[in-house]
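Here the structure comes first, spelled out in structure tokens, and everything after it is commentary.
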Amino acid sequence: MNESLIFYQEPKLEKPDLVAAWPGIGNIGIIALSTLREALEAELFAEIEPWRFFYPHALSIKDGELESLRFPESKFYFKRTGTKDLLLFIGGEQPSEVMKGYEMTNLVLEVALNLGCQRVYTAAAAVAPIHHTLRPRVWAVPNRQELVAETRRYRNTILMGDIEGRGGQGTITGLNGLLLGLAKARDLPGICLLGEIPVYISQFPVPYPKASKSILEVLTDNLGLTVDLSSLDEQAQEVERNIERFYHLIPEEIRERIDQLKHVSYIKEEKPGAITEEDKKKIMQEVEEFFKKRGKQD
Amino acid sequence: MSEGHGFKIYGTPRLQNPCLIVGWSQDVGGLGPKVLDFLIRKLQPQEFAQFNPAGFFSLAGVPVEDNVIQFPQSKFYASEEKDLLLFQSDGPSQTHYEFLMLILDIAEQICKVKEFYTIGGIISLMAHTSPRRVSAVVNQPLLKKPLSEYGVSINLEYQTPLGARPTLSSFLLWVAQRRNIAGANLWTEIPFYLAALEDPRAYKQVLSVLDQRLNLGIDFAELEQEIEKQNRQIAELKEQEGDVHRYITMLERGIMLSEKESEVLANKVAEFLQKRD
């Protein structure tokens, strides 16, 4: 095993699935995994030594002596559930160097494969032209063709290929995508679950737990788990109250344009809504310009 | 010459039980580079190793400073006479841990270093006429007593504030602690209005600590002249500019300046001293 791995125990698991996340927009994946870890009371069993991957983020000096240096944590947890054994990986930060990210992702896979992992899920954000009062959907992206049909059956979920104008193309940036690419290279099936976040929220460093909930609904269905997600509802309400406060500071004409996103559809199969593709582009352009200007003022 | 992953060695200094002094090129008041330049000039050590920049620095282009192209450098010097090792370097932009490990690999495995000091400036809301305090952060308690004997403050308490991150020197201190190499970060106060300029009084203060600790036999006459010259120039400015006089007097009396007053003072001192140079 790689020397950057520290094991606290070696769990015996039966064909576990791995669910992994690193921080990203709206912290959607991390919130989803942290909620799942807490709800399942998953146990810590390993972590990746951080110093080769990260610059330290905090220092403590006591009475003139270096007491500690703290780094982002990258930890593995496990849980034997009645239905499915689970591995969870929660990354505190994505390494800023591409090769370090590649190395870390390989380490995560190495641990999972050594424990007999059968499938990988990652959780992240999908920036979408939606309104914050709507229930976010989940964009699913499997790493092999055989999973496409299965993915289409998930609730409240759309495939990248079903999004208007994308033609099945897209990019999943960062390690949440890379892990599935490397899993594919090792013939390990995997699916990336991306919770929708409104485009105008995605530019701010605010969490978006509503999307984390959407991801967890899909994930727990798949894993056959029953998990109480009410804590996410509370977090989502709090965030929404803050968004609403901010929302009412936006000039009315911009707010009206954003409100039109309540009726926007970008799914191919759905009947055309009241808003045309041209309207949608115009709305997004205006909204983006407003926030760019505001960003400069701030 | 031997060449390893990330470095080249082109000399074999004969050292007994050397200490290492580390200075980074980018530092408040130019403290790190000025102190290292001074030691290199005065002690005439032999340059014997350097790091290859690839892998540690972004080589996507080169920065230009004061109309001149810059290129990252990381060099080791050794003074056999003083049994001293110096490392002068730009701070790496990537693979920081490997970079710091390599410094210690060369220092410990090739030169048998068991003790090291890093040099760094910290901005202080003080007047330039006040004595500069040097504070040490150690990675082994055994260094506290000897340093305190040279007037170094050894009781610093600190937590990284939100949004800030530890310095490279702190990271090096931590890496060395894990390898059981004793070291100290020496932080020297620099008045905020000299932070972007030079502060010979701070250079002298930290050099005096190193001189006593490592028996370097430094002649401080040159630095004393620089201090005197800077004091004279600022005194001249105080006579010309009433607000500069007032603000420095306030600092001398321990009265805090407002943000605006601090900015005016820093700008006027910078403009005046740069013109004189």
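The values are calculated or read from the model by the stated rules, or taken from the named source; none is laboratory data. On a predicted model such as this, the values are computed, not experimentally measured, just so you know. Counting neighbours? That spans all protein chains shown, and the Cβs are built from the backbone with ideal geometry, glycine included. What goes into the accessible areas is simple: the full protein's heavy atoms, side chains included, and nothing from ligands, DNA or RNA. Shrake-Rupley method; radii C 1.70, N 1.55, O 1.52, S 1.80 Å.
If you count the DSSP beta bridges with both ends in the protein assembly as shown, what percent of them are antiparallel, to the nearest 5?
55 percent
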Any trypsin sites (Lys or Arg not before Pro) in region B:1-52 that lie in a DSSP loop and have at most 15 other Cβ atoms within 10 Å would be B:R14
In Å and whole numbers, how far do the C-alpha atoms of region B:229-277 stretch along each principal axis, longest first? 29, 18, 15
For chain A, set up a Gaussian network in which alpha carbons nearer than 10 Å are linked by springs, and say which option among A:L109, A:L261, A:L59 fluctuates the most. A:L59
Just how far, in whole angstrom, is region A:49-105 from region A:234-266 if you go by their alpha carbon centroids? 35 Å
Here, B:S258 and B:E271, labelled 7 Å along Cα→Cβ, have an inter-label distance in nm of 1.9 nm
If you build a Gaussian network model of chain B, linking Cα atoms that sit under 10 Å apart, which residue out of B:P200, B:P191, B:P131 swings the most? B:P131
List the chymotrypsin sites (Phe, Trp or Tyr not before Pro) in region B:131-173 that DSSP assigns to loop (not H, G, I, E or B) and whose Cβ has at most 15 other Cβ atoms within 10 Å. Which are they? B:Y150
Computed Rg/Rh for chain A (Cα atoms; Rh = Kirkwood radius) stands at 0.99
For the pair A:Y102 and A:H131, the simple spin-label estimate (label points 7 Å beyond Cα toward Cβ) gives in nm 4.6 nm
Write down Rg/Rh for region A:1-111, rounded to two decimals, with Rg from the C-alpha atoms and Rh from the Kirkwood relation over Cα pairs. 1.01
Of all trypsin sites (Lys or Arg not before Pro) in region B:186-277, which ones are in loop regions per DSSP and have a Cβ with at most 15 other Cβ atoms within 10 Å? B:R253
Span from the region B:1-42 Cα centroid across to the region B:168-242 one, whole angstrom: 17 Å
Tell me, what is the per residue accessible area of chain B in Å², probe radius 1.4 Å? 48 Å²
Whole-Å distance linking the alpha carbon centroid of region A:167-213 with that of region B:109-164 is 45 Å
Fully extended, how many nm does the chain gain between B:E80 and B:A60 (0.36 nm per residue separation, minus their Cα-Cα distance)? 3.4 nm
Exposure ranking of A:V98, B:V113 by accessible area [1.4 Å probe, largest first]: A:V98, B:V113
Compute a Gaussian network model of chain A, connecting alpha carbons closer than 10 Å, and tell me which residue from A:T83, A:T220, A:T122 fluctuates the most. A:T83
What is the total of Lys pairs in region A:1-116 with C-alpha atoms under 26 Å apart, excluding same-chain pairs fewer than 8 positions apart? 8
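At the nearest 100 Å², what buried accessible area, both sides summed, do you get for B and A when the probe is 1.4 Å?
By this definition, chains B and A bury close to 2200 Å².
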Based on the Cα atoms of region A:61-187, what semi-axes does the equivalent ellipsoid have, where each is the square root of 5 times one gyration tensor eigenvalue, given in whole Å with the largest first? 31, 20, 16
Given only helices, namely DSSP H runs of n ≥ 4 each adding -39500 (n - 2.57), what is the per-residue ellipticity at 222 nm of chain B, to the nearest 500 deg cm²/dmol? -11500 deg cm²/dmol
At R0 = 41 Å the Cβ-Cβ FRET efficiency linking B:N17 and A:E41, nearest 0.05, sits at 0.15
By the gyration tensor of its Cα atoms, with a ≥ b ≥ c the square roots of the eigenvalues, what is the shape of region B:204-256: rounded for a/c under 1.5, prolate for a/b over b/c, or oblate? oblate
Two pseudo-spin positions, 7 Å from Cα along C-beta at A:R245 and at B:D219, lie apart in nanometres by 6.7 nm
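Can you classify region A:1-58 as rounded, prolate or oblate using the Cα gyration tensor, where a ≥ b ≥ c are the square roots of its eigenvalues, rounded means a/c under 1.5, and otherwise it's prolate if a/b beats b/c and oblate if not? All intermediate terms of the calculation are to be shown ahead of the outcome.
Working: a/c = 2.03, a/b = 1.03, b/c = 1.98.
Because a/c hits 1.5 or more and a/b fails to exceed b/c, region A:1-58 counts as oblate.
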Taking a 26 Å limit on the Cα-Cα distance, which of the listed pairs A:K210/A:K262; B:K204/B:K275; B:K75/B:K144 fall beyond it? B:K75/B:K144
Quick one: order A:H248, A:H57 from most to least accessible surface, probe 1.4 Å. A:H248, A:H57
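State the dimensionless ratio Rg/Rh of the protein assembly as shown (Rg: radius of gyration of Cα atoms; Rh: Kirkwood radius). Don't skip to the end; give the middle numbers.
Details: Rg = 29.2 Å, Rh = 27.8 Å.
My calculation of the ratio gives 1.05.
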Per-residue mean of other chain beta-carbon atoms within 10 angstrom of the beta-carbon, peptide A:51-57? 5
Using only the Cα atoms of region B:1-86, each taken as one equal point scatterer with no solvent, compute I(q) by the Debye sum, divide by I(0), and report log10 of the ratio at q = 0.16, 0.21, 0.22 Å⁻¹. -0.75, -1.14, -1.19
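Starting from the Kirkwood Rh over alpha-carbon pairs, what translational D in µm² s⁻¹ does region A:143-233 have by Stokes-Einstein at 4 °C and 1.567 mPa s?
Approximately 87 µm²/s, per Stokes-Einstein.
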Taking beta carbons within 10 Å but only from partner chains, what does the mean come to for residues B:166-174? 4
Once the convex hull of the alpha carbons of region A:97-157 is built, what does its volume come to per residue, in cubic angstrom? 140 Å³
Jot down the radius of gyration and Dmax of chain B, Cα atoms only, both in angstrom. 19.5, 60
